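Participant: If you scroll down you'll find the structure; I have some questions about it.
What follows is calculated from the coordinates using simple rules that are stated; it is not laboratory data. Model, not experiment: these values are computed from the prediction. Quick reminder, even Gly has a Cβ in these numbers, built from the backbone with ideal geometry, and neighbours come from all protein chains shown.
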Amino acid sequence: MNLEKTMHTLGRICRMVWPEVGDADETVVETITKLPAQGFGLLCSTHAFQSAMDDPTIERLVSSLPVDLPTGPLKIELQGPFYIGFYQQAHKINLSKALGKDDLRIIGEALFGATWQSELARQLDIKDSRRIREWLSGDRSIPAGVWLELAELSKSRGENLVSLSGLIMQTADT
C-alpha cells in the first residue's frame, strides 16, 4: 500500500471511530497526520477505537494497513489524503443514517438471492451470519461501513454482469 492510500485509510478509520463532528481526539488526529505509526498506536489505545472494532469495515481497514506504518515526520502534502479519507467517510456515515434494515434486505436479496444473509456475512468477512439477523431485528445498528461495502459489491456485480452480457451478445452475433 502506498503512503497516500495508507493515510487515506487512516483518515477513514479515524472518522469511523469518531463519527460525529467534534468528537475526534485532536491530539491523536494530529499525531497520526505527522507521525502515523505513533498516532495509530495512540488511536488503538482509545476506548472509542476498541468500541468501534465491532464494525467489520474497521477490522478490514485496519488489516489492510501495512505492518510498518511510517514513523514520520510527514510532509504537509502527505497529510492531505488523511483528511480526504476522514471527510469522505463522514459522507458515508450520513448515507448510513438514510438507509435501514429494509434497504439491507432489498440489497442483500438482489445481490445474493434466497441465502443472502449467509453469503453477505461471508462477503463482509463476518464469522457468524447471526450478526446480519441482529441488524435486521434492530438488536444492533448497521455499521456505516457496511453500506460502502454493499455499494462496492453492487458495483462489482453490475460490472461483471455487463461484461457477461457483452460476451453473450458477441457470441450470439457470430
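Participant: Name the residue that is nearest to E4 (Cα to Cα), counting only residues in segment 18-71 that are in contact with a Pro (Cβ under 7 Å, 6 or more places away or on another chain) and hydrophobic (A, V, I, L, M, F, W, C).
Facilitator: Among them, the one singled out is L69.
Participant: Taking the conditions exactly as written (over 21 Å from L78 (Cβ atoms), of a type in the set (A, V, I, L, M, F, W, C) and more than 13 Å from the chain's Cα centre (by Cα)), does A48 satisfy them or not?
Facilitator: Yes, satisfied.
Participant: Would you pick out the residues in segment 102-136 that are surrounded by 15 or more Cβ atoms within 10 Å (Cβ to Cβ), of a type in the set (V, I, T) and part of a helix (DSSP H, G or I)?
Facilitator: Once the filter is applied, which keeps residues that are surrounded by 15 or more Cβ atoms within 10 Å (Cβ to Cβ), of a type in the set (V, I, T) and part of a helix (DSSP H, G or I), segment 102-136 yields I107, I132.
Participant: Another question, if that's okay. I'd like the residue in segment 137-170 that is part of a loop (DSSP other than H, G, I, E, B) and surrounded by 13 or more Cβ atoms within 10 Å (Cβ to Cβ) and, out of all such residues, is farthest from the chain's Cα centre (by Cα).
Facilitator: R140
Participant: Right, something else. Scan segment 54-89 residue by residue and report those that are in contact (Cβ under 8 Å) with a residue 24 or more places away in the chain, of a type in the set (A, V, I, L, M, F, W, C) and out of contact with any Asp or Glu (no Cβ under 8 Å at 6 or more places or on another chain).
Facilitator: Answer for segment 54-89, where residues must be in contact (Cβ under 8 Å) with a residue 24 or more places away in the chain, of a type in the set (A, V, I, L, M, F, W, C) and out of contact with any Asp or Glu (no Cβ under 8 Å at 6 or more places or on another chain): I58, L61, V62, L65, L69, L74, F82, I84, F86.
Participant: Pull up segment 37-53, narrow it to residues that are outside any helix (DSSP H, G or I) and of a type in the set (S, T, N, Q), then point me to the one that is surrounded by the fewest Cβ atoms within 10 Å (Cβ to Cβ).
Facilitator: It comes out as S45.
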